[in-house]
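Notes for the one structure printed next.
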Amino acid sequence: MADYIPQAVEAKWQKRWEDERVFETEADPAKPKYYVLEMLPYPSGTLHMGHMRNYTIGDVVARVKRMRGFNVIHPMGWDAFGLPAENAAIKNNTHPREWTNKNITEFKRVLHLFGFSYDWRREISTCEPEYYRWNQWFFLRMLERGLAYRKKSRVNWCVKCATVLANEQVVNGCCWRHEETPVEAKEIEQWFLKTTAYADQLIDDLKQLEGSWPDRVIAMQRNWIGKSQGAKVKFAVAETPAAGPIEVFTTRIDTIYGATALILAPNHPAMQALLEGSPERAKAEPALAAMRQMSVKAEDLATAEKIGFYTGRHARNPFNGAEIPIWVANFVLMEYGTGAIMAVPAHDERDFEFATKYGLGKPVVVQGPAGEPASDAPPKEPFTEYGKSVNSGPYSGLETAAAMEKMAAEAEAKGFGKRETVYRLKDWGISRQRYWGAPIPIIYCPECGMVPVPEADLPVVLPQDVKLTGLGTSPLAHVPQFINTTCPLCHRPAKRETDTMDTFVDSAWYFYRYCDPHNDKAPFDSSKVGYWMPIDQYIGGITHAILHLLYSRFWCKVMRDLGLIQHNEPAARLFTQGMVQKGGVAMSKSRGNVVGAEDMAQKYGADTGRLYTLFAAPPEKDLEWSEESIEGAWRFLSRVFRLVDRHAGRIAGVCAGAGEMAALSEKERVLLRKAHETLRRVTSDFETRWHFNSAIALIMELVNELHAHEPLEQAVRPEILKEALELVTLMLAPMVPHLAEELWEMLGHKNGLSRVSWPDYNAELARADEVEVMVQVNGRLRGRLRVAAGLGEEELVRLALDEAAVRAQIDGKRLVKKIVVADKLVNLVVA
RNA sequence: GCGGGAGUGGCGGAACUGGCAGACGCACCAGCCUUAGGAGCUGGCGGCCGCAAGGCCAUAGGGGUUCAAAUCCCUUCUCCCGCACCA
């Protein structure tokens, strides 16, 4: 009798897999491909069970697809650039490269302990020049196409990070890494990638992803891009024409006859010109100063009372010439649209609130089907629906859609407005004033100006020697041998760009590089990428729903337009797994609640850890770590091991097989039926539903059933038992691969199971020949019948009526209806 | 406010196309085995009534459709996530 010693079993098979290179794959157009990818990790801290859950899900999918005959690519790599490395280096007085590489080695060692089926030859590390030179290459391609540009702009600055943040990296007005640190506004020159050029495609192509990506991710992306269609209209300034015209953006141009004010954002550029010489100037300037002092934190902003002041100037409505006062208010944002709005209090909630407070008029210009709201009195609440225009000059009587159309057309014809679509999405600022990132390949020459680094000179390599202080200027600016160079055009002394790229650039395209990781002529070979991409199944955390996925989608579209690839979207299917929590919160080093993956492997074995994370909750839900439940997973695997071990000697030498159905004993038939029925359902759980937890439950039932028939020697022939045990082993194989290999060997197979196919269930065997039919009276369960499968309706009803408990319910009543579902149920309706 | 999702035993969770609610596991209880048990094995385990057979109630609450509802429809509530004065 052998003992199940997972650590020994796991080490044995990990070595075997490596020696036999079973997970290495090459593009082969003759075979159907499958690309399974888990989001690449940032190598910091320790690898915990949260990571492991993510990789386990991916590994199960990869192994199932392999067993299903797909040519599976399943790579892993490192998101190796980034601030923590730099900060750790400052703190510990080491080099970011050293710190990063140490972590990578550590991560990799632990990943190996779990037996994930990666093709490690494809490993990439984004901090290596062999990788980031292609970031630089892409940057130059975008520069050529006007998709990369430099401008001075107000940016989000995190004091703690001492660098700029992209809009996407600002959460509730604070840094995404430092949730307590409000971002500051800073005006600096920086590089942008023109994500807005693809705004429409990024929205429209979401339709292709519906059903394949989680609804909420699609919703979040749509929300983030924030497309809204409307019109821009210019209002002349009555008193000082030179201060105008002022342009507003509106989605409801049809309500323009109801505008009773023009409202500007406090930092609107026309402000000075408007206030110059205004009779209200003495009151307005202090009010403006006070408004600018107000908190910019998002939660304050959202709940703040609407306040405003009158500028003393008037704007002229281009449609009817009406002069309306120009106000300034805190709720109008310079960042959105044009930074100015027309206030239509009767048809907009915010304008209504503002107008009520400051006594502006609320003329009704749109009415609903019942003529509401009445147009001869101020409305009690804003009417924001579509309806029919009233009090709108020549447009009165038109339906909202038609009015919008006609009015926009007139504005365009007369040159005071145009149809326009605005987006919430901004261009992606990628400059970072830090060291540990890809250098931006630009040279500034006093003579020639800004000059891109010639392609032949790539990569621009990060210098090794650098003094890191974290004090807010680019460390590269203090490295003379880096910054000083010669101009590629005039060959006179020139200086390099010292900012580095946002690390989201690295991860925006890494999965293409996996397809051709060592190419030194191009980012990748298009035919290889053409075979492997797009990703068939991408798996990662919901935290990347906007940032990483939006950038990746953008990058994909750019590469397509560069002619490098054919597809529109990088990932055909996306799965967002739940977090692993302990004490109700996500595992994290800072909370000190991590369960280390290595500890787990040492205590119970990797297979137990894998099984537990799959069994404890469906993969999309959060999972609360429970030490007791792990014991359960361990017990189950031990039980399976003992079961196989107990019978291995007797069955290892025979051939598995059911033989003739007719020759089966009752017990054999019951076992085989259970085994094949389990296989049928487990197959469907793996293929279509990803219900790993219920698949495991089904296998547990089968094992329990086998157990219940002990001693099996007496009633079941070895070839029958072997078939059942082989099925158990194969069904477990994707989830607990090491143990499955060991069992497979115990069952007499010499060549390992990594190239064994997923078994097909035998429908004949799986079919039950006796079924339990429930008998209901008026929909309530009153009895059960054990009958042969496929019995006719009349026969079933007759048997049902024979049941004593059923008789008791219907005696003396009239049978009005009989419902029969074959092999399942008889429902007798009595009155 | 808008958008996305969820609500089932003490706990994690099953329940496929509307057809036995609570599979499987954890915890707990009883028993067996044992020098011992944090091992293994057997049985029990939603609530109420009952010695039992059995009955009644039960999938957040209320209403509806249906022979039949955790599942479909309406409605109310609660919770989680995202966005949030987006003009």
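Given (1) over 18 Å from A:Pro439 (Cα atoms); (2) open to solvent by less than 20 Å² (accessible area, probe 1.4 Å), where does A:Ala162 come up short, assuming only one miss? Status for A:Ala162: all satisfied but (1). Among the residues of the range A:654-710, those identified as more than 39 Å from the chain's Cα centre (by Cα), open to solvent by 40 Å² or more (accessible area, probe 1.4 Å) and within 12 Å of RNA strand B (Cβ to nearest atom) are A:Glu705, A:His707, A:Ala708, A:Glu710.
Just checking, does the range A:680-697 include any residue being at pLDDT below 90 and in contact with a His (Cβ under 9 Å, 6 or more places away or on another chain)? Looking through the range A:680-697, none of the residues is at pLDDT below 90 and in contact with a His (Cβ under 9 Å, 6 or more places away or on another chain). Taking the range A:383-428 as the range and being in contact with a Lys or Arg (Cβ under 6 Å, 6 or more places away or on another chain), under 30 Å from A:Arg154 (Cβ atoms) and outside any strand (DSSP E or B) as the test, the residues that pass are A:Phe416, A:Tyr423, A:Asp427.
Residues that are in contact with a strand residue (DSSP E or B) (Cβ under 8 Å, 6 or more places away or on another chain) and of a type in the set (Lys, Arg) within the range A:309-356 comprise A:Arg313, A:Arg316, listed in sequence order. A:Asn778 falls short of the stated requirement of being of a type in the set (S, T, N, Q) and on the phi < 0 side of the Ramachandran plot. Within the range A:456-470, is there a residue that is open to solvent by less than 20 Å² (accessible area, probe 1.4 Å) and either acidic (Asp, Glu) or farther than 25 Å from A:Pro523 by Cα (or both)? Looking for residues that are open to solvent by less than 20 Å² (accessible area, probe 1.4 Å) and either acidic (Asp, Glu) or farther than 25 Å from A:Pro523 by Cα (or both), one finds none in the range A:456-470, hence no.
Note on the range A:319-357: residues that are closer than 19 Å to A:Ala231 by Cα and more than 15 Å from RNA strand B (Cβ to nearest atom) amount to 3. Among the conditions (1) outside any helix (DSSP H, G or I); (2) under 18 Å from A:Phe81 (Cα atoms); (3) not basic (Lys, Arg), the only one that A:Ile539 does not satisfy is (2). Taken over the range A:388-419, the residue count meeting the criterion of being open to solvent by 50 Å² or more (accessible area, probe 1.4 Å) and polar (S, T, N, Q) is 2. Among the residues of the range A:260-286, write down those that are within 15 Å of RNA strand B (Cβ to nearest atom) and under 23 Å from A:Gly359 (Cα atoms). Result: A:Thr260, A:Ala261, A:Leu262, A:Ile263, A:Leu264, A:Ala265, A:Pro266, A:Met271. Scan A:Leu765, A:Leu781 and give me the residue that is under 25 Å from A:Glu677 (Cβ atoms), within 13 Å of RNA strand B (Cβ to nearest atom) and at pLDDT below 85. None of the others qualify; the one that does is A:Leu781. For the range A:586-613, the candidate set comprises residues that are within 19 Å of A:Ile542 (Cβ to Cβ) and touching a helix residue (DSSP H, G or I) at 6+ places or on another chain (Cβ under 6 Å); within that set, the residue that is nearest to RNA strand B (Cβ to nearest atom) is A:Thr613. The single condition among (1) within 11 Å of RNA strand B (Cβ to nearest atom); (2) touching a residue at least 40 places away in the same chain (Cβ under 8 Å); (3) open to solvent by 70 Å² or more (accessible area, probe 1.4 Å) that A:Arg316 does not satisfy is (1). Reported count of residues in the range A:596-630, each being free of Cβ contacts under 8 Å to residues at least 60 places away in the same chain, part of a helix (DSSP H, G or I) and either touching a Lys or Arg at 6+ places or on another chain (Cβ under 6 Å) or open to solvent by less than 70 Å² (accessible area, probe 1.4 Å) (or both), is 3. For the range A:531-577, the set of residues classified as within 16 Å of RNA strand B (Cβ to nearest atom) and aromatic (Phe, Trp, Tyr) consists of A:Tyr551, A:Phe575, listed by residue number.
Of all residues in the range A:711-729 being open to solvent by 10 Å² or more (accessible area, probe 1.4 Å) and aliphatic (A, V, I, L, M), which is farthest from A:Leu664 (Cα to Cα)? Step by step, filter the range A:711-729, then rank; the result is A:Leu727. Mind listing just one residue for me: the one in the range A:744-755 that is open to solvent by 40 Å² or more (accessible area, probe 1.4 Å) and in a loop (DSSP other than H, G, I, E, B) and, of those, nearest to A:Arg786 (Cα to Cα)? Filtering first and then ranking leaves A:His749. Where strands (runs of 3 or more DSSP E) fall wholly inside the range A:169-258, the ranges with 1 or more residues that are within 14 Å of RNA strand B (Cβ to nearest atom), surrounded by 14 or more Cβ atoms within 10 Å (Cβ to Cβ) and of a type in the set (A, V, I, L, M, F, W, C) are A:228-237, A:246-250. Highlighted here are the helices (runs of 4 or more DSSP H) found entirely within the range A:449-519 that include at least 2 residues which are in contact with a Phe, Trp or Tyr (Cβ under 8 Å, 6 or more places away or on another chain): A:503-507, A:510-513. The residues of the range A:427-444 that are more than 30 Å from the chain's Cα centre (by Cα) and either open to solvent by 10 Å² or more (accessible area, probe 1.4 Å) or among the aliphatic types (A, V, I, L, M) (or both), listed by number, are A:Ile442, A:Ile443, A:Tyr444.
The values are calculated or read from the model by the stated rules, or taken from the named source; none is laboratory data. Here the structure is a predicted model, which is why all the values come from computation and not from measurement. Every residue, glycine as well, gets a Cβ built from its backbone with ideal geometry; the counts of neighbours run over all protein chains shown. To get the accessible areas, we keep the full protein, side chains included, count just its heavy atoms, and leave off ligands, DNA and RNA. Shrake-Rupley method; radii C 1.70, N 1.55, O 1.52, S 1.80 Å.
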